[in-house]
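Q: Quick one: this structure, given as structure tokens, is what I'll be asking you about.
Every read-out reported here was derived from the displayed coordinates using simple, explicitly stated rules and does not represent laboratory data. For clarity, every value in this text was computed on a predicted model and none was experimentally measured. Heads up, the Cβs are rebuilt from the backbone with ideal geometry, glycines too, and the neighbour counts pull from every protein chain shown.
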Amino acid sequence: MMQRYLALPDSLYQVIKPSKVEDPSLLLFNQELAAELDLPPQLLGQDAAEYFCGNQLISAQLSLALGYSGHQFGSYNPQLGDGRAHMLGQINGYDWQLKGSGLTKYSRGGDGRCALGPAVREYIMSEAMHILGVPSMRTLAVTTTGEAVHRHQAEAGAVVSRIGRSHLRIGSFQYASSLGVIKELADFAIDQLCPEALDADNPYLALYQIVQRTQINTLVHWYRVGFIHGVMNTDNVALSGETFDFGPCAMLGEYKLEQVYSSIDQQGRYSFGNQKRIMQWNLARFAETLIPLICENEQEAITLLTQELEHFPNAFEQEYAKMCANKLGFEHSENPLVSEFFELLQTHAWDYTEIFNQLYHSLSGEKPQLPSELLDWAQRWQRAINHQQALLLMSRTNPKAIPRNHEVEMLITAAENEPQDIQLKIDNYLNYLKGNVCSGTSWGNPDAEFDHQYQTFCGT
Ligand code: AMP
Ligand code: MG
């Protein structure tokens, strides 16, 4: 175990231990991730729950809470930070962070705790994203604490063990900028995430370019599978492009660009279709923090960064158009059938996952269930594609199954009511998402009625 964040200026973090909890018990453990990580023996032993809830540390003085700022729904909050999280160090180069592990100096009015429901949601959604090929942080374990946390009512407390390449956020840069230590943080980020930037003429401009490319890649994956993050504040955007902060996220059922599930997002700022504009806006906030590093002449630095930022729409559209074409079995995006399809999709609001599954079936000899409004298009499409290539591209690009909102909620309720066999239920569910369908599952049916009234919540 190492603790690389100690190399940062100490104004950026607080050295603080997790709070002890009463009665830790391991609720979920991610065997697959554990096997990839080569865990220290303490995390595999009898007392693993003691470590996963933060009662015991593998070595002393390793635990930090990181400070950050952030634009929340567009308004700047200078003082956020790990208000309920502790960075314990790195395992195989990946950050290991506890969430729900007690108060820090960044807790503001919060209790430093996390309830079991949101912890289970994070476990399922982060693993589902990973299975669907979307860059994402992952969850190694969830422990219950034996203590109650008070939300709308008393709920069981839990601690999440989150694993990611880096816990730096755009908000970390805003914080470092306000404290006058932006160079130190940028150098740290280059070292941690993209040492290749050092080979460029201007490493800090290269850092920006790499981050922009990485965010576009993740965003296109979100659009590919129908993921709505729900709270794309600058503090919830990881510099590494790993999806994280799963509080109010949800999946798109019926295709609607304006779809929002989060109860507090009344303006649709973080709607499905708006995510690309928000990412560009967030990247502008990131770019601002780098101005003093790009060159001595401030005006010139602004011009250089603005040029990069102005590439965003085109760079995104290019990747996005290719992804959309691939979903329909075309290698490239030129074919007008692609935009025609997406217009039909928006007009008729078909289920985003199912419609591609049905088109795939129509090629593979199974009897498809295509809506009547699509039949004319589908005939022309069948003539235009190369079947062999289309089958390959479509199976690579389209998820057969997604973590549907009602399914995830059902599992969360099961975890709250019958925690004793939840590991098995979630393992089975994730297996199903991987395409290993066990006989007799009822997963995979869209539930539009459920989605119509579905609401998700921040502040969990
Ligand atoms: P989030 O909405 O999860 O992105 O959190 C926004 C900010 O609130 C971050 O600084 C969190 O650390 C902090 N926060 C959220 N929940 C709690 C809590 N229960 N206790 C302390 N801080 C919290
Ligand atoms: Mg957050």
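Q: Evaluate the distance, in nm, between pseudo-label points positioned 7 Å from the Cα of residue 372 and of residue 453 along their respective Cα→Cβ axes.
A: Label at residue 372, label at residue 453, 3.0 nm between them.
Q: List the GluC sites (Glu not before Pro) within the range 228-334 that DSSP assigns to loop and that have no more than 15 neighbouring Cβ atoms inside 10 Å. Mind showing how you got there, number by number?
A: Details: sites: 242, 254, 258, 288, 296, 298, 300, 308, 310, 317, 319, 331, 334; in loops: 242, 258, 296, 331, 334.
Of the GluC sites (Glu not before Pro), the ones in loops of the range 228-334 whose Cβ has at most 15 other Cβ atoms within 10 Å are 258, 296, 331, 334.
Q: Along the charge dipole of the chain, pointing to its positive end and built from +1/-1 on Cβ of Lys, Arg, Asp and Glu, which listed residue (173, 208, 250) has its Cα farthest out?
A: It is 250.
Q: On full extension of the chain, what length is gained from residue 436 through residue 354, given 0.36 nm per residue of separation minus the C-alpha to C-alpha distance?
A: Between residue 436 and residue 354, full extension yields an extra 27.7 nm.
Q: Where nothing but the Cβ of Lys and Arg (+1) and of Asp and Glu (-1) is charged, how large is the charge dipole of the range 288-411 around its Cα centre, in debye to the nearest 20?
A: The calculated dipole for the range 288-411 is roughly 960 debye.
Q: Then there's this: For residue 35 and residue 443, FRET efficiency with R0 = 22 Å and r from the beta-carbon atoms, rounded to 0.05?
A: 0.30
Q: Then there is this: Roughly what percent of Cα-Cα pairs across the chain reach past 27 Å?
A: Roughly 56 percent, rounded to a whole number.
Q: For the chain, what relative contact order do you get, as a whole percent, if you take Cα pairs closer than 8 Å and at least 6 residues apart?
A: 15 percent
Q: Taking a threshold of 25 Å on the Cα-Cα distance, which of the pairs 322/425; 256/276; 20/105; 256/322; 99/276; 327/367 fall above it?
A: In this structure, 322/425; 99/276 lie more than 25 Å apart at Cα.
Q: Please get the size of the charge dipole for the chain, origin at its Cα centre, with Cβ charges of +1 on Lys and Arg and -1 on Asp and Glu, quoted in debye to the nearest 20.
A: In total the dipole reaches around 160 debye.
Q: Now for a different question. Just flag the GluC sites (Glu not before Pro) in the range 359-460 sitting in loop per DSSP whose Cβ has no more than 11 other Cβ atoms within 10 Å.
A: Sparse-neighbourhood loop GluC sites (Glu not before Pro): 366.
Q: May I ask which residue of 306, 70, 408 lies farthest towards the positive end of the charge dipole of the chain, with charges of +1 (Lys, Arg) and -1 (Asp, Glu) on Cβ and the Cα centre as origin?
A: Checked the options; the winner is 408.
Q: Quickly work out the residue 150-to-residue 59 label distance, labels modelled 7 Å from Cα along the C-beta direction, and quote it in nm with one decimal.
A: 4.0 nm
Q: Taking the range 305-355, which chymotrypsin sites (Phe, Trp or Tyr not before Pro) meet the DSSP loop condition and have no more than 15 other C-beta atoms within 10 Å? Could the numbers behind the result be given before it?
A: Details: sites: 316, 320, 330, 341, 342, 350, 352; in loops: 330, 350.
Within the range 305-355, no chymotrypsin sites (Phe, Trp or Tyr not before Pro) qualify (loop, at most 15 other Cβ atoms within 10 Å).
Q: To continue, here is another question. What percent does the relative contact order of the range 113-198 come to when contacts are Cα pairs within less than 8 Å and at least six residues apart?
A: 25 percent
Q: As an exercise, find the ratio Rg/Rh for the range 66-163 from alpha-carbon atoms, using the Kirkwood inverse-distance average for Rh.
A: 0.99
Q: Continuing with this model, one more query. What percent do you get for the relative contact order of the range 89-153 when only Cα pairs under 8 Å and 6+ apart count?
A: Relative CO of the range 89-153 lands at 21 percent.
Q: Let me know the shape class of the range 1-91, please: from the alpha-carbon gyration tensor, a ≥ b ≥ c as square roots of the eigenvalues, rounded when a/c is under 1.5, otherwise prolate if a/b is greater than b/c, or oblate.
A: prolate
Q: At 25 °C and 0.890 mPa s, what whole-number value in µm²/s does Stokes-Einstein give for the translational diffusion of the range 297-352, with Rh from the Kirkwood sum over Cα pairs?
A: Taking Rh from Cα pairs, D becomes 183 µm²/s.
Q: Can you compute 3J(HN,Hα) from phi for each residue in the range 262-272, using the Karplus curve 6.51 cos²θ - 1.76 cosθ + 1.60 with θ = phi - 60°, rounded to whole Hz and x for Gly and Pro?
A: These are the phi-based 3J(HN,Hα) values: 5, 5, 9, 8, 6, 8, x, 4, 10, 5, 3 Hz.
Q: Reported to two decimal places, what Rg/Rh ratio describes the range 224-297 when computed on Cα atoms with Rh from the Kirkwood expression?
A: 1.06
Q: Report the normalised scattering of the range 343-460 as log10 I(q)/I(0) at q = 0.13, 0.17, 0.20, 0.22 Å⁻¹, calculated by the Debye formula with identical scatterers on the alpha carbons.
A: The Debye formula, applied to the Cα set alone, gives -0.67, -1.00, -1.21, -1.34.
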